[in-house]
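Engineer: Provided herewith is a single structure, encoded as structure tokens, for subsequent inquiry.
The values are calculated or read from the model by the stated rules, or taken from the named source; none is laboratory data. Quick caveat, the model's predicted, so the values are computed rather than measured. Methodologically, a virtual Cβ is constructed for each residue, glycine included, from the backbone with ideal geometry; neighbour enumeration extends over all protein chains shown.
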Amino acid sequence: MFEPSANPRVFAVPPGADFPQALVRGLRARCDGRPPEALARVQLVLNTRRMARRVRDLFDQGPPCLLPRISLVTDLGENVDLDQVPPAVPPLRRRLELTQLVSRLLDQQPDLAARSSLFDLSDSLAALIEEMQGEGVPPEAIRQLDVTDLSGHWARAQAFIGIADQFLKTEDGSLDVQARQRRVVENLIARWQDAPPQHPVILAGSTGSRGTTLMLMQAVARLPQGALILPGYDFDQPAHVWERLDSAMTSEDHPQYRFRKLMTELGIGPDQIAAWTPDQPPSPARNRLASLALRPAPITDAWMSEGPQLRDLDAATRDITLVEAQSPRAEALAIALRLRQAAETGQTAALITPDRMLTRQVSAALDRWNILPDDSAGLPLQLSPPGRFLRHVAGLFAHRLDAEALLTLLKHPLCHSAGDRGAHLLHSRDLELHLRRNGPPFPDSDSLTGFAVEKDVPDTWVRWLIRNFCDQQISGTLPLTDWVQRLRDLAETIAGAGSGNAGELWDKNAGQAALEVISGLADEAEHGGEMTALDFADLLGALLAGQEVRDRDAPHPRIMIWGTLEARVQGADLLILGALNEGSWPEAPAPDPWLNRQMRDRAGLLLPERRIGLSAHDFQQAIGAPEVWLTRAVRSDDAETVPSRWLNRLTNLLQGLPDQGGRAALEQMRDRGRTWLRWSEMLEQAPRIAAAPRPSPRPPVAARPRRLSVTEIKRLIRDPYAIYAKHVLRLKPLDPLVQAPDALLRGIVIHEILEHFVKDSVLDGALLTRDNFLKRAEALLDQHVAWPTARKLWLARLERIADDFLRAEISRRSDGGPIAFEAKMRLTLEPLGFTLNGRADRIDRNSRGALTIIDYKTGTPPSESQQAKFDKQLLIEAAMAEQGGIDGFDPMAVASAVFIGMGGTYKEVPAPLDKEPPDKVLAELKELISAYLESDQGFSSRRMMHKDSDVGDYDHLARFGEWDRTAETRPEDLT
């Protein structure tokens, strides 16, 4: 196939060309006129399975021929000396072993790093070991680094890197994947030196970014019939620029740096790399423009000398659209519109971006037209239904069962998937309403049994619920083998509803992928040692996050979403390069906790800019496509963005070439983008909807409430609409699912503490002490408050005010004492036929037979002026007492009424009975109630709120926010 040559044989395909298509076309052309078996003798070595599939597809499209022998770089040499190279140690086993060692080191030296970083440190250390093996860097090269200026950091890093030594000094029986691959390639190269193959061996598609691959490429290029075919080679780059790419420290992020490194290793120059096919790229002018724009940073002064020589800028940019959207949503919508047009016109179009958030937004926008793109990345396994389910089940081991965790699992689509799921969902709904209304915040077997009795739930379902969800939390450590078995058994039981099978847990692609992860973890669990439940949950989440799954049904055949890896082996009429912002494309280099750039360079390891260079190469290849979109969002959710460095270079270069029409070409690119942005804005336009008026409904008199509690009178004065919503519409706020130690619970508990303490001290005055008060408080807090932190905080507050409360209590006892607690009160207002209900926290009687009404407040008690106008609770209770409204008591005079504040400080605020006597209060109350029993009186929303920032339970129903307190109310008669 190839003429004999003393120099290594290297070919290349220019940016923008469909590399697999060009590869197949060149092979067919070189075998044209030869016997049919000539192509079959070719050994074609490709870098990815995706490319191998694409090459086979292209050959299958015809004309008929014998196929070459296609293999992967990782497969080459697998049939050579395998008896001398043992199987590789599974990566998961290495990870588990490293995790154990790092865990022990952190136990011995806790100041080295936080315990929460255990798995991150293990992964990072595993990546370093893999890189050292792949690049052929011995441990001695790391230990001999000059770290004069980094002694403190290096001492900490050495503690971890020391762990790597034992893995890098292993015997043949425990080689890692990268070490084994390098050993296989070394054996193959040695075999070739003794007996080089005489048939054509072609290695295509690799850039030589990893040490083992670069070593193999050199060997293939020197074979008698060996050849390399490089993708995206810049034929337009001058020789003096190639010479400036020798330094990794300054050129690693350049798209062509890896090719220069290959040339140096092979001892050839850029003029010795030939085109694989005579075909021209889709836009030679655009390739020249991109080549100049992407020059290495130290020599961008070439723009001044070579820029004026650029021609055909109009042709270079004619098929480029630049979209600079104001938000990621606008960017996604413009992309979706263009993909929709491509679907209608029959174009093949692909969105290329590493930003998964953008791809999800584009997919959501395409869904409105029932276009399902073929997304090559799929969905992370941890976000799939089985992945989420397994993580929730693992959480049962690590945390105390609360209502949220319980209902999250009960409502999961895989839960109870093997049984009567309809009945299961019905019982789960009833349980949720019960837990919201009655609690407890941490369900247990007793509370769930009580629920079952109250709601008449089948015993089988309740037993299944208690057996599999209650008391699953495990403290301490267990072997990883036990954790895996417990997880699988419990997950299958919850999913299968105790039927003996796993229900739908392991069904479909996602279930099979999850089962593979669990089975693989079980196989290697013996190497994981012991760990806590929380560490196991973190490990499971990390393993699931490392897998992706695709459960797609009939995606659109011509609309694709690719990552940069997929884009290297595919071709399309339209390529959309999305999220071209710094931090997205290119992604920021991950921080290296072990070695800085200089240390990596001296040791022979890869620099952080390697990934940027690979991304730059992807960009240079993609921008040469027949039609290209370059898109970015000017702002993210909360800040302005920075354009990608490559986009910045391109626009700056065009901006600096006004004489060649660069500025006009750039403006036309932006105009095309603005056109699509305008269309996307039109798509988002919605008819203007007038703001809702401030409501003041007037229901029929017969539907208006005839009974209110004393505490609701304040709400009737301040926010009548809330009374209408609660008592006329009969709407009640749904209690929160996740109960918290909030003000309501604190008020209930403090009331109970005071009631029990005061009751006991009435019978025995000796109990009226600080120690007894705090002992009683601590006991009741332990009984009613499930959160240890809240118990400590609330007890500390009571300790601060205990002395003040006791002094005031002793003073009150000097003239009488308590006669009733939680006293029920009821009074009918005649002739209105309206009933008031209430409950007094405490009623005292003095030596003269008069009453004192006491109400405890855990918040700030209302002032006397607030009580006179709005918060009339004590005033009304005093009037009810004098009218005989206390159950079990005759009408009695009220000497005083007082709010006792039990918040951060002790405070007493008396009711202004002298200014607001009971007769006056009753008269005003009857006038108020009478007004709301008239048909022309509306229940206005937020009539007299204390502050504009106050939040009502029914503000959303009143559509507050579309109007404010300055708006006039609009009465509405209801029937």
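Engineer: Looking only at region 593-612, count how many residues are over 28 Å from the mean Cα position of the chain (by Cα) and of a type outside the set (S, T, N, Q).
Structural biologist: First, pick out the residues of region 593-612 that are over 28 Å from the mean Cα position of the chain (by Cα): 595-607.
Next cut, of a type outside the set (S, T, N, Q) only: 595, 597, 599-607.
Qualifying residue count, region 593-612: 11.
Engineer: Go through region 337-384 and count every residue that is among the aliphatic types (A, V, I, L, M), surrounded by 22 or more Cβ atoms within 10 Å (Cβ to Cβ) and either without any contact (Cβ under 8 Å) to a residue 60 or more places away in the chain or part of a loop (DSSP other than H, G, I, E, B) (or both).
Structural biologist: Residues meeting the conditions: 0.
Engineer: Does P658 meet the test of being in a loop (DSSP other than H, G, I, E, B), surrounded by fewer than 21 Cβ atoms within 10 Å (Cβ to Cβ) and modelled with pLDDT of 85 or more? Lay out the reasoning, then the answer.
Structural biologist: Details: in a loop (DSSP other than H, G, I, E, B): yes; surrounded by fewer than 21 Cβ atoms within 10 Å (Cβ to Cβ): yes; modelled with pLDDT of 85 or more: yes.
So P658 passes the test.
Engineer: Moving on. Got at least one residue in region 317-332 being under 19 Å from L666 (Cα atoms), part of a helix (DSSP H, G or I), of a type outside the set (S, T, N, Q) and more than 34 Å from the chain's Cα centre (by Cα)?
Structural biologist: no
Engineer: Further question on the same structure: Of a type in the set (S, T, Y) and touching a Pro at 6+ places or on another chain (Cβ under 6 Å): is that true of S475 in this structure?
Structural biologist: Values: of a type in the set (S, T, Y): yes; touching a Pro at 6+ places or on another chain (Cβ under 6 Å): no.
Criteria not met by S475.
Engineer: Same structure again: Filter region 522-569 down to residues that are assigned by TED's automatic domain parsing to the domain that holds W506 and in a helix (DSSP H, G or I), then give me how many there are.
Structural biologist: 19
Engineer: Which of the following residues is in the same structural domain as P912 (by TED's automatic domain parsing), closer than 20 Å to A895 by Cβ and surrounded by fewer than 15 Cβ atoms within 10 Å (Cβ to Cβ): G838, G849, G859? It would help to see each step written out before you state the result.
Structural biologist: Working: G838 fails: surrounded by fewer than 15 Cβ atoms within 10 Å (Cβ to Cβ); G859 fails: closer than 20 Å to A895 by Cβ.
The conditions single out G849.
Engineer: Right, another one. Since P626 meets every condition but one in (1) touching a Leu at 6+ places or on another chain (Cβ under 7 Å); (2) at pLDDT 90 or above, which condition does it not meet?
Structural biologist: Failed condition: (1).
Engineer: Mind listing whichever residues of region 822-838 are without any contact (Cβ under 8 Å) to a residue 24 or more places away in the chain and under 58 Å from the mean Cα position of the chain (by Cα)?
Structural biologist: T828
Engineer: Determine whether E504 is acidic (D, E), on the phi < 0 side of the Ramachandran plot, assigned to a loop (DSSP other than H, G, I, E, B) and in contact (Cβ under 8 Å) with a residue 60 or more places away in the chain. Step through it out loud before you land on a result.
Structural biologist: Values: acidic (D, E): yes; on the phi < 0 side of the Ramachandran plot: yes; assigned to a loop (DSSP other than H, G, I, E, B): yes; in contact (Cβ under 8 Å) with a residue 60 or more places away in the chain: yes.
Against the criterion (acidic (D, E), on the phi < 0 side of the Ramachandran plot, assigned to a loop (DSSP other than H, G, I, E, B) and in contact (Cβ under 8 Å) with a residue 60 or more places away in the chain), E504 qualifies.
Engineer: Tell me yes or no: at least one residue of region 315-335 is on the phi > 0 side of the Ramachandran plot and among the acidic types (D, E). Lay out the reasoning, then the answer.
Structural biologist: Kept after step one, since they are on the phi > 0 side of the Ramachandran plot, are these residues of region 315-335: none.
Checking region 315-335: not a single residue is on the phi > 0 side of the Ramachandran plot and among the acidic types (D, E).
Engineer: Looking only at region 680-700, filter to residues that are part of a helix (DSSP H, G or I) and out of contact with any Leu (no Cβ under 6 Å at 6 or more places or on another chain); which one of those is nearest to R730 (Cα to Cα)?
Structural biologist: Going residue by residue through region 680-700, those that are part of a helix (DSSP H, G or I) are 680-684.
In the following step, the residues that additionally are out of contact with any Leu (no Cβ under 6 Å at 6 or more places or on another chain) were identified as 681-684.
Details: E681: 42, M682: 42, L683: 40, E684: 37 Å.
If we take residues in region 680-700 being part of a helix (DSSP H, G or I) and out of contact with any Leu (no Cβ under 6 Å at 6 or more places or on another chain), then E684 is nearest to R730 (Cα to Cα).
Engineer: Considering only residues of region 154-201 that are more than 30 Å from E37 (Cα to Cα) and part of a loop (DSSP other than H, G, I, E, B), which is modelled with the highest pLDDT?
Structural biologist: That would be D176.
Engineer: So how many residues does region 431-446 have that are surrounded by fewer than 16 Cβ atoms within 10 Å (Cβ to Cβ) and without any contact (Cβ under 8 Å) to a residue 60 or more places away in the chain?
Structural biologist: Number of matching residues: 5.
Engineer: Moving on. Among R611, R600, which is charged (D, E, K, R), within 18 Å of T353 (Cβ to Cβ) and either modelled with pLDDT under 90 or assigned by TED's automatic domain parsing to the domain that holds R53 (or both)?
Structural biologist: Numbers: R600 fails: within 18 Å of T353 (Cβ to Cβ).
After applying the criteria, what remains is R611.
Engineer: Name the single residue that is surrounded by the most Cβ atoms within 10 Å (Cβ to Cβ) among those in region 941-953 being more than 32 Å from the chain's Cα centre (by Cα) and touching a residue at least 12 places away in the same chain (Cβ under 8 Å).
Structural biologist: That would be S941.
Engineer: Yes or no: region 674-685 includes at least one residue that is closer than 26 Å to S949 by Cβ, crowded, with 17+ Cβ neighbours inside 10 Å and not aliphatic (A, V, I, L, M). Step through it out loud before you land on a result.
Structural biologist: Initial filter on region 674-685 (closer than 26 Å to S949 by Cβ): none.
Checked region 674-685: no residue is closer than 26 Å to S949 by Cβ, crowded, with 17+ Cβ neighbours inside 10 Å and not aliphatic (A, V, I, L, M).
Engineer: Every residue in region 311-330 that is in contact (Cβ under 8 Å) with a residue 60 or more places away in the chain and more than 15 Å from L575 (Cα to Cα), please.
Structural biologist: R311, L313, D314, A316, E324, A325, Q326, S327, P328, A330
Engineer: Follow-up question, since we're still on this one. Mind telling me which of the residues T207, T212 ends up being buried (at least 17 other Cβ atoms within 10 Å of the Cβ), at pLDDT below 90 and under 19 Å from A22 (Cβ atoms)? Break it down stepwise before answering.
Structural biologist: Numbers: T212 fails: under 19 Å from A22 (Cβ atoms).
The conditions single out T207.
Engineer: Which members of region 888-931 meet the condition of being of a type in the set (D, E, K, R) and within 30 Å of R800 (Cα to Cα)? Please lay out each step first, then the result.
Structural biologist: Of all residues in region 888-931, those of a type in the set (D, E, K, R) come to 890, 907-908, 914-916, 919-920, 924, 926-927.
Result: K907, E908.
Engineer: When you check T631 against the structure, is it outside any loop (DSSP other than H, G, I, E, B), among the hydroxyl-bearing types (S, T, Y) and within 21 Å of G307 (Cα to Cα), yes or no?
Structural biologist: Values: outside any loop (DSSP other than H, G, I, E, B): yes; among the hydroxyl-bearing types (S, T, Y): yes; within 21 Å of G307 (Cα to Cα): no.
So T631 fails the test.
Engineer: Kindly check whether there is at least one residue in region 38-52 that is over 39 Å from the mean Cα position of the chain (by Cα) and in a loop (DSSP other than H, G, I, E, B).
Structural biologist: Yes, the conditions are met somewhere in region 38-52.
Engineer: Sticking with this one: Of all the residues that make up region 836-877, how many are assigned to a strand (DSSP E or B) and either of a type outside the set (V, I, T) or touching a Phe, Trp or Tyr at 6+ places or on another chain (Cβ under 9 Å) (or both)?
Structural biologist: So the first thing to find is which residues in region 836-877 are assigned to a strand (DSSP E or B), and the list is 836-845, 851-857.
When the remaining residues are screened for being either of a type outside the set (V, I, T) or touching a Phe, Trp or Tyr at 6+ places or on another chain (Cβ under 9 Å) (or both), the result is 836-845, 851, 854-857.
Count: 15.
Engineer: Return yes when E809 is within 43 Å of the chain's Cα centre (by Cα) and over 18 Å from G904 (Cβ atoms) and no when it is not. Spell out how you get there, then give the answer.
Structural biologist: Working: within 43 Å of the chain's Cα centre (by Cα): no; over 18 Å from G904 (Cβ atoms): yes.
Judged against the criteria, E809 is not a match.
Engineer: Output the residues belonging to region 829-838 that are within 14 Å of I876 (Cβ to Cβ) and in contact with a Leu (Cβ under 8 Å, 6 or more places away or on another chain). Give the derivation first.
Structural biologist: Going residue by residue through region 829-838, those that are within 14 Å of I876 (Cβ to Cβ) are 829, 834-838.
Scanning region 829-838 gives L829, F834, T835, L836, N837.
Engineer: Check every one of the helices (runs of 4 or more DSSP H) wholly within region 231-272 and list those with 2 or more residues that are touching a residue at least 60 places away in the same chain (Cβ under 8 Å) and touching a helix residue (DSSP H, G or I) at 6+ places or on another chain (Cβ under 7 Å).
Structural biologist: Numbers: elements: 239-243, 248-251, 257-266.
Once the helices (runs of 4 or more DSSP H) in region 231-272 are filtered for at least 2 residues that are touching a residue at least 60 places away in the same chain (Cβ under 8 Å) and touching a helix residue (DSSP H, G or I) at 6+ places or on another chain (Cβ under 7 Å), what remains is 248-251, 257-266.
Engineer: Out of L793, L832, I need the residue that is out of contact with any Asp or Glu (no Cβ under 6 Å at 6 or more places or on another chain), part of a loop (DSSP other than H, G, I, E, B), surrounded by fewer than 16 Cβ atoms within 10 Å (Cβ to Cβ) and of a type in the set (A, V, I, L, M). Which one?
Structural biologist: Details: L793 fails: part of a loop (DSSP other than H, G, I, E, B).
Result: L832 is the single residue among L793, L832 that is out of contact with any Asp or Glu (no Cβ under 6 Å at 6 or more places or on another chain), part of a loop (DSSP other than H, G, I, E, B), surrounded by fewer than 16 Cβ atoms within 10 Å (Cβ to Cβ) and of a type in the set (A, V, I, L, M).
Engineer: Please work out if T348 is more than 30 Å from A545 (Cβ to Cβ), at pLDDT 90 or above, in contact with a Phe, Trp or Tyr (Cβ under 9 Å, 6 or more places away or on another chain) and assigned by TED's automatic domain parsing to the domain that holds I623.
Structural biologist: On the way: more than 30 Å from A545 (Cβ to Cβ): yes; at pLDDT 90 or above: yes; in contact with a Phe, Trp or Tyr (Cβ under 9 Å, 6 or more places away or on another chain): no; assigned by TED's automatic domain parsing to the domain that holds I623: yes.
No; evaluated as a whole, the condition is false for this residue.
Engineer: Being free of Cβ contacts under 8 Å to residues at least 40 places away in the same chain and acidic (D, E) is the filter; apply it to region 749-800 and report the residue that is nearest to G904 (Cα to Cα).
Structural biologist: Checking each candidate, the answer is E799.
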